[in-house]
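Just below is one structure, and these are the notes that go with it.
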Amino acid sequence: MRTSALAVLLASLDACSALAAAALPPRTISAPACAAAGATPLARSAVGSWRTATVDARSGASPTCVATSPELTGVVAPTGGAGAAAPSTAATPPHLKALQTEKGGARTAAAHGQPMVIGLSHKTATVEVREKLSIQEANWNAASAKLVEYPSLQEAAVLSTCNRFEVYVVAEDHYAAARDVFDFLKQHSGLSDAELRPNLFLLHDDDAVWHLLRVSAGLDSLVIGEGQILSQVKACYSHAIANESEDEPAGSAGKVLGRMLNSVVMAGKYVRSETEIAKGAVSISSAAVELAVLKSLADLNVPLSEARVAILGAGKMSRLLLTHLASHGVTKVTLLNRSRPRADELAAEYPELAIKVGLMDELWETMGESNMVFTSTSATGCILTQENLEEHGYAARGAADPSVLIDISVPRNIESECNEVDGVRAYNVDDLKEVVARNQAKRRHKMLEAEVLLRVELQKFGAWQESLKYVPAIASLQAKYEQVRAAEVAKAMKKNLKGLSEKEREAVEVLTKGMLNKLLHAPMAYLRSDASENGKASLPQIQDLFQLGEKSGRGRGRR
């Protein structure tokens, strides 16, 4: 044991000797809430095996993990066992109450697991699969609440966007957690094993944190550096830590997931302020307009500025569409929405455009007047299909009056079979790749600069996670010496101090608690500190030193 590392602890131990002398034997002291971190063994599961590609979080490569056949061949066990965390100072979410127990009048921190992410994105799944897993933002917390009903999952949060669907969880047994998340995804999507499994990726521990850092910074987006993903991750964090309300159940993030989501949001902001990753970056909406520029000439034989443009939906994506359409010379747009006030408000923001506002009841009249249609609504099904296009005479129009339909919604608003209608060309978010490929090549060096900063944030979060293993020792130490203090005060109250008034008894309580807090301040500060290069005492060493746990008390000289 390094003397320099434990000097402050030994000094504090001597200062506490009077209290320690009266301590109960080690066997009667409650054991720490969890053991030191360690690997969790895998067991056979109905999910089958998960083959994890080993990824160095310091590299720029995007980590991937794919599901394999049910046979347990070539399985790499997820490593990183349970740490532990103290109860949050905020209100404890209902699903975390089971992780805290009352022992000897004091709250004990239970074991906390390690982070893991399971999901799919534009890199691993087509829009046809992504839309089946999509969850509206208002239902994120309801989905998380269902996830934490599984016994293996301690914390959970959901992020669902047009280009990704990801579930973030905290668990001690990552294999059991993967099985349970996979079961949830199957039930939610209605997809079979064969349809779902090849599209999923799984990452755990540092790889999971690194992935979310890159997502928040816009490095994993279809459009590198786009800003909307940061606001979406921030929304994920806000929902995950939210209290129960009339609109949604309480979030299901606890100490680990809440800290991770907060860290990646702050890192996303920091990277954008310190690098040029977001400078000149395009969004999904701007990429859609760039695609329209190309397809207007190729499919309509006119420049975009001369196309008859319509937009279905009046949300954030539509706002960006209007901005980029105006920059490409478009002057007239028809805007349809389910509610008139929201569409009117959006139109008022663009006085330079002649925007005709209408309701969705005017859909087919508007379609007949337009040849470039963008869809960006929250509808959960297709608005435009091969059948309804043919019913409204699109087949008869044919090549004489062609139409371009660009869908940037997930779930899709435009059925892919619309391409079967003569004269109609339909595109979705997966078709934007030819536009964004050029953007990625230009921004490669900016990605490398951003990743340097993200690695620092990864190390910070890793150091914080490492410190969690000492929380049970902190709780046990406080509980042990509080037990001693209370016992000694109670003994004195029955003998020498039995004549004290109630007010004087309260004063004794305050005095002795204050003394105890001061005596324990130095060891508490040491245990909460980050591990340094010179080394920090291990958890077993701390337990032996202060005789915490049932098997301690073997002497300070043991090595």
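Once you have all Cα-Cα distances for the range 193-269, histogram them in 10 Å bins from zero and send the whole-percent values. Whole-percent P(r) values from 0 Å outward: 18, 40, 33, 9.
Annotation: extensible slack from ASN243 through LYS433 equals 64.5 nm (criterion: 0.36 nm per residue apart, minus Cα-Cα distance).
In sequence order, the range 497-505 has phi-based couplings of 10, 5, x, 6, 6, 4, 5, 5, 4 Hz under the Karplus curve 6.51 cos²θ - 1.76 cosθ + 1.60, θ = phi - 60°, and Gly or Pro positions carry x.
Calculated FRET efficiency, ARG319 to GLU466, Cβ-Cβ distance, R0 = 51 Å: about 0.70 to the nearest 0.05. Once R0 is set to 51 Å, what does the formula 1/(1 + (r/R0)^6) return for the Cβ-Cβ distance between ASN262 and ALA400, expressed as a FRET efficiency to the nearest 0.05? After rounding, the FRET efficiency stands at 0.35.
The range 154-190 and the range 296-326 have Cα centres spaced 36 Å apart.
Selection among LEU222, CYS162, ALA143 by position relative to the dipole of the range 103-281 gives LEU222 as farthest towards the positive end (Cβ unit charges, Cα centre). May I ask which residue of TYR175, LEU196, VAL233 lies farthest towards the positive end of the charge dipole of the range 103-281, with charges of +1 (Lys, Arg) and -1 (Asp, Glu) on Cβ and the Cα centre as origin? Result: VAL233, furthest along the dipole toward the positive end. For the range 440-502, the fraction of C-alpha pairs more than 14 angstrom apart is 76%.
Among the listed pairs LYS480/LYS513; LYS279/LYS316; LYS460/LYS536; LYS186/LYS316, a Cα-Cα separation exceeding 23 Å is found for LYS186/LYS316.
Computed packing ranks the peptides 332-344, 356-368 as 332-344, 356-368, most packed first, by mean other Cβ atoms within 10 Å. Near the amide H of THR375, within less than 5 Å, lie the amide hydrogens of LEU312, ILE406, ASP407, ILE408, all on another chain or at least 5 residues away, with H placed in the peptide plane. In percent, rounded to a whole number, the relative contact order of the range 115-186 is 39, using alpha-carbon pairs under 8 Å and six or more apart. Estimated at 0.36 nm per residue, the fully extended path between VAL302 and THR331 surpasses their Cα-Cα distance by 9.0 nm.
Suppose we take every Cα in the range 284-431 and form the convex hull; what volume per residue is that in Å³? Kindly include the intermediate steps, with their values, before the conclusion.
Working: hull volume 13.8 nm³, N = 148.
Hull volume normalised by residue count: 93 Å³.
Every number in this text was worked out from the coordinates using simple rules, so none of it is lab data. Computed from a predicted model, the values in this text were never measured in an experiment. Because the Cβ atoms are built from the backbone with ideal geometry, glycine has one as well, and the counts that use them run over all protein chains shown.
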